[in-house]
Structures are given as C-alpha cells and as structure tokens.
Amino acid sequence: MKRLRVAVIGGGHLGRIHSRLLKNNRNARLVAVCDPQPLIQQQAIAELDVRAVSDYQKVIDEIDAAVIATPSASHAAIAFDLLDAGKHLLIEKPVTVCAADAREIAERAAQKEVCVQVGHVERFNSAIHEAIRHVGKPRYIEATRASGFTFRSTDIGVVHDLMIHDIDLAQFLFDSPAMQVYATGVCVLGHNEDIAEARIEFGCGGVANLRASRCSFKNERTLRIFGTQGFAAVDLATHTVSVVQLPAWIQQREVDVLELNATQQAYVRENLFTDILPQTTIKVTPQNAIEAEHQDWLAAISEGRSPTVTADQGARNVELVEKVLEQIADHNWARNDRNMTGPLATPSDVASDRPIPDAIMSPLSQTRKAA
C-alpha cells in the first residue's frame, strides 16, 4: 500500500490521538498538525516531532488526505474546502451539526470520487461485533451513555456528542429508515441539552431506546441487543459481553410454560438461567478502535472502495439527530405553560435556595475586579 500524506486538522483531545496513531502508522505519513493555537502547535512539535501550522490551507497542496478533528460547527466549511481540492477525509463525528451540510458533504464526495469516512468508532468495537454474532436478527436495542460534566464538546448537546454513537449503531443494526421518534431532554449546566432520552421505531419493526447524559453520577457505556436467536449485553467500558441464546423449543413456542404443573414451574424458577437459558460471559480482547478506523480508511482509499462508515451514513445519522432534537424542543413539561417547553425550560418555583459555592464565586469575583 502506498503511504498516504495526511494532515490532522485540530489539535485538541481527539486530534492529538489521531496524530499520535497516524505518526506510527506505516501506511501514512503525518505531514502536519493544523491548529490556530500556538500552545497546541508547540505540543505537536514537542511530542511528535511533526510540522505544525496555524492554517490547513498552507498544506492542502502537500497532502492526499486529512483528518478533521476540530469543533463540530467548523467541520462543514473545512470539509468543503478539502473536498473541492480532491482530498480524502476522515471527519470526526458528528460529520456536521447540520443535516443539509452533511448531505452536501456526501454529495460532493461522490462527485469528486474521494473517500470520506465518518468517525463513528463503535463500528470498530470488538465487543459489539462479538455481541452481534449471538443474537440473530436484532429486534430491540437499549443503550446508555453517561458521564460526568467534562467541559468537552460544549459547542454541541449530548445528542450530537454521545447519543449519536448509538443512533449510528441502531441504523446499522436495523438497516431500515426511522419511522417514528419520541424524545425528551434537559439542560443542566450547558447551553444545550445535557441529558436526553429517545425512543426510535424503524421501518423493519425494530425499536431502539437510547439514553445519554453528560451530567451523571457515574460513567456508564452499555448496549443490550435482543434478537431472534438470543440476547446480548455489552459493557463497553470493560469489553465484556453477556450472552443468552434461545433454545429451539423456546423460539418455536413448543412449550406453554403457563400450562406447566407445580413441579415443572419450580424447576423453571430454579434453573432458568443455568439449564434453560444459560448465561455466558465473554471477555473480549479490546482493540484500539481509532487505529482500526484509520486502517480501514487508508485501505479504502488505496483499494478504491467504500469505508466502513460512509459520508452518506454519517449524514443519515445527523438527519436522525435533528429529528430527536425537534422532539426535545417541542416537549412541554407543563401543558398549560409555554415557558416550560424544550430543554431550557425553567421551573417557576425554585427547589433549593442553596447559595452559589464560594469556590465558584471567588474566581468569578476576581475576574470581574480585574476587568
């Protein structure tokens, strides 16, 4: 495979991960890290011994491809510039914050015949693939992504930031258009929704219940898949998969358990998850999902094929995100009060009169005095 000349645009948390992995990838040559902040440029030079520039425009003629890892609102403008120059792209999720821009990226990529992969890394998660092997055709999925407030990705809400991972998985698993969406969400600390829940019904009959929070008591990343042949629960943090497979006599409804006698019912109660529906726990060897994503993207460019997560799929995810956000915006928390509509709804009565902590107020006061 020919080594591709690649630039990473955006030197923040994800940009640094992409840069480090591409620096060590034998199928790529990291040409530059592009970021307007001098400190980030200095970090890239010191950590990776790589050229750092303030503006990606300076290296367009020197690269074959680029990773876009800037704040989400800037993805579209950068992608349009690079696509017009015929460059292959890996764009971090969400591909854009606007469905129309996402669709435009997909169309321009097709016109220019360039490869665009979208950074939905859960498609490269070995634990998820292990779970899929055991369930048959998926019918129902349940996903939770929760974390504390990290102050990252505050330019977007939790649906664009976290839930979109599971929106992508749901669309991949059901391979069918979303027909109905119900959703609610609230802002806690930021300017966008910090907690959201959605129920999505697909044309194939599949249903996804998705929950996301970035203002949670504990971190949680779990996925449960119910299918025609069994059930799998995935703990994405520990890479463990718990599997229950349905025996043929249950799938075919050969026994009506409600007609069992007392002795038979006692046997079912005592042995349901040992003899009848035994649970198997599988510890999956984790792989670096972003590294696997790079390998797939670079190979797709070299082989002239589609990557695992195409620009079209990325656009469909953003389109479904917009439907979720529309439902969140329209939800009225008090039917007789329009001030209680949407994620920024403010209750008329204050639940607590606790003062703002000094640890927050003191720095604010000092900043105001200095100004």
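Enumerate by residue number the trypsin sites (Lys or Arg not before Pro) in segment 1-59 meeting two conditions: DSSP loop (anything except H, G, I, E, B), and at most 13 other Cβ atoms within 10 Å of the site's Cβ.
Here the trypsin sites (Lys or Arg not before Pro) that fit, given the DSSP loop and packing criteria, are LYS2, ARG3, ARG26.
Compute, for HIS331, the solvent-accessible surface of its heavy atoms (probe 1.4 Å) with the complete set of protein chains present, and express it in square angstrom to the nearest 10.
50 Å²
Count neighbours as other Cβ atoms within 10 Å of each site's Cβ, and list the trypsin sites (Lys or Arg not before Pro) in segment 135-227 that are DSSP loop with at most 15 such neighbours.
Here the trypsin sites (Lys or Arg not before Pro) that fit, given the DSSP loop and packing criteria, are ARG152, LYS218.
Does the chain come out rounded, prolate or oblate by the C-alpha gyration tensor, with a ≥ b ≥ c the root eigenvalues, rounded set by a/c under 1.5 and, if not, prolate when a/b is larger than b/c and oblate if not?
Oblate is the answer for the chain, as a/c is 1.5 or above yet b/c matches or exceeds a/b.
Could you work out how far apart the two model spin labels at ALA359 and ARG152 are, taking each label as a point 7 Å from the Cα in the direction of the beta carbon, and quote it in nm?
Calculated label separation equals 2.1 nm.
Starting from the 7 Å offset along Cα-to-Cβ, what nm value, one decimal, do you get for the label separation of ALA237 and TYR267?
4.1 nm
Looking at segment 177-258, which chymotrypsin sites (Phe, Trp or Tyr not before Pro) are in a loop (DSSP not H, G, I, E or B) and have at most 11 other Cβ atoms within 10 Å? Before the final figure, lay out the partial values.
Values: sites: TYR182, PHE202, PHE217, PHE226, PHE231, TRP249; in loops: PHE217.
Filter output for segment 177-258: PHE217.
Given a Förster distance of 22 Å, report the FRET efficiency between VAL255 and TYR140 from their Cβ-Cβ distance, rounded to the nearest 0.05.
The formula returns an efficiency of 0.45 here.
Given charges of +1 on the Cβ of Lys and Arg and -1 on the Cβ of Asp and Glu, with all other atoms neutral, how large is the dipole of the chain about its Cα centre, in debye to the nearest 20?
780 debye
Let me have the relative contact order for segment 177-276, percent, based on Cα pairs under 8 Å that are six or more residues apart.
For segment 177-276, the relative contact order is 14 percent.
Under a 1.4 angstrom probe, counting protein chains only, how are HIS191, HIS165 ranked by accessible area, largest first?
HIS191, HIS165
Which value at 222 nm does the chain reach when only helices count, each DSSP H run of 4 or more adding -39,500 (n - 2.57), with the total divided by all residues and rounded to the nearest 500 deg cm²/dmol?
Mean residue ellipticity at 222 nm (helix-derived): -10500 deg cm²/dmol.
Round to the nearest 10 and report in Å² the accessible area of MET340, as given by a 1.4 Å probe over the protein chains' heavy atoms.
The accessible area comes out at roughly 30 Å².
Normalised by the residues of segment 1-149, what does the relative contact order come to in percent, with Cα pairs under 8 Å and at least six apart?
Numbers: 227 pairs, mean separation 27.2, N = 149.
Relative contact order, segment 1-149: 18 percent.
Please go through the residue pairs LYS93/LYS323; LYS58/LYS87; LYS87/LYS112; LYS58/LYS93; LYS137/LYS323 and name each one whose alpha carbons sit more than 20 Å apart in this structure.
Beyond 20 Å between Cα atoms: LYS58/LYS93; LYS137/LYS323.
Express in Å², to the nearest 10, the accessible area of LEU162 obtained by rolling a 1.4 Å probe over the protein heavy atoms while all chains stay in place.
Looks like 40 Å² after rounding.
The values are calculated or read from the model by the stated rules, or taken from the named source; none is laboratory data. Nothing here was measured: the structure is a model prediction, and the numbers come from that model. All Cβ positions, even for glycine, are placed from backbone atoms using ideal geometry, and neighbour counts span all protein chains on display. To get the accessible areas, we keep the full protein, side chains included, count just its heavy atoms, and leave off ligands, DNA and RNA. Shrake-Rupley method; radii C 1.70, N 1.55, O 1.52, S 1.80 Å.
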